[in-house]
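The next block holds one structure in the form of structure tokens; read it before the comments.
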Amino acid sequence: DAKTTQPTSMDCAEGRAANLPCNHSTISGNEYVYWYRQIHSQGPQYIIHGLKNNETNEMASLIITEDRKSSTLILPHATLRDTAVYYCIVRVANTGNQFYFGTGTSLTVIP
Amino acid sequence: GAVVSQHPSRVICKSGTSVKIECRSLDFQATTMFWYRQFPKKSLMLMATSNEGSKATYEQGVEKDKFLINHASLTLSTLTVTSAHPEDSSFYICSATVAGRFQETQYFGPGTRLLVL
């Protein structure tokens, strides 16, 4: 079962930062926070993941609160191509461990 | 990142026939692959975990005799929908992980859209 809660939908103006929140209040000490996104009719695309430190890559930044009960995915300069459903998932990092998807946040980037 | 492919990308079949979907890891060896299905406007639902050389582990409520999974090599897993019915019409997605460099991450295929008439 999904262990995260996310807002159902969000809008963001093109060129502005998109901040997508995720609550994972029951996260365990060895569980990572993963973010994926799914553009319509495609497979999910990996964005970023982290354990407790903030992470940044070429796509986004991940901010994890000190108590690890919530996190925020930041797309620094949203473009129309960032319109997608964004999924936040918590999981123990192991090849055999499953991902259970919640309902995600549908992000619409507005011109 | 790692690349996962699926074939076919879409398939239409008659009710009662069987359909095989292939999932391949193109630039890495996948010790574990996963199969998901997704209905319109819904989230991904995990169907089964496929380990190379062993039987798949199915999620509760997923019929193993209906959805046959074979993971014969480290780069290929197949899902066969047997005796397909219209309610099996869905978007089927696979993912793969690998020990080592990508061990913490699953990479997903582009999905296969199945329509059963």
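For residue B:105, are the conditions met, namely being surrounded by 20 or more Cβ atoms within 10 Å (Cβ to Cβ), within 14 Å of chain A (Cβ to nearest Cβ), under 15 Å from the mean Cα position of the chain (by Cα) and at pLDDT below 90? Let's see the steps before the verdict.
Details: surrounded by 20 or more Cβ atoms within 10 Å (Cβ to Cβ): yes; within 14 Å of chain A (Cβ to nearest Cβ): yes; under 15 Å from the mean Cα position of the chain (by Cα): no; at pLDDT below 90: yes.
So residue B:105 does not fit the description; no.
Residues B:17, B:97, B:31, B:80: which one is over 17 Å from residue A:43 (Cβ atoms) and facing chain A (nearest Cβ under 9 Å)?
Values: B:17 fails: facing chain A (nearest Cβ under 9 Å); B:97 fails: over 17 Å from residue A:43 (Cβ atoms); B:80 fails: facing chain A (nearest Cβ under 9 Å).
Of the residues listed, the single one that is over 17 Å from residue A:43 (Cβ atoms) and facing chain A (nearest Cβ under 9 Å) is B:31.
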Revision key, fill the gap. Among strands (runs of 3 or more DSSP E) completely within region A:66-111, the ones holding 1 or more residues that are of a type in the set (Val, Ile, Thr) and in contact with a Phe, Trp or Tyr (Cβ under 8 Å, 6 or more places away or on another chain) are A:84-92, A:105-110
Revision key, fill the gap. Being in contact with a strand residue (DSSP E or B) (Cβ under 8 Å, 6 or more places away or on another chain) and open to solvent by 50 Å² or more (accessible area, probe 1.4 Å) narrows B:25, B:15, B:43 down to just B:15
Review point. Within region A:29-42, is even one residue over 26 Å from residue A:16 (Cα atoms) and within 13 Å of the chain's Cα centre (by Cα)?
Key: yes
Practice item. Could you look through region A:4-49, keep only residues that are of a type in the set (S, T, N, Q) and under 17 Å from residue A:97 (Cα atoms), and pick out the one that is most open to solvent (accessible area, probe 1.4 Å)? Key: A:30
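The values are calculated or read from the model by the stated rules, or taken from the named source; none is laboratory data. Note that the structure is a prediction, hence the values are computed from the model and not measured. No Cβ is skipped: glycine too gets one built from the backbone with ideal geometry, and neighbour counts run over all protein chains shown. Just so you know, the surface numbers come from the protein's heavy atoms only, side chains and all, with ligands and any DNA or RNA stripped out. Shrake-Rupley method; radii C 1.70, N 1.55, O 1.52, S 1.80 Å.
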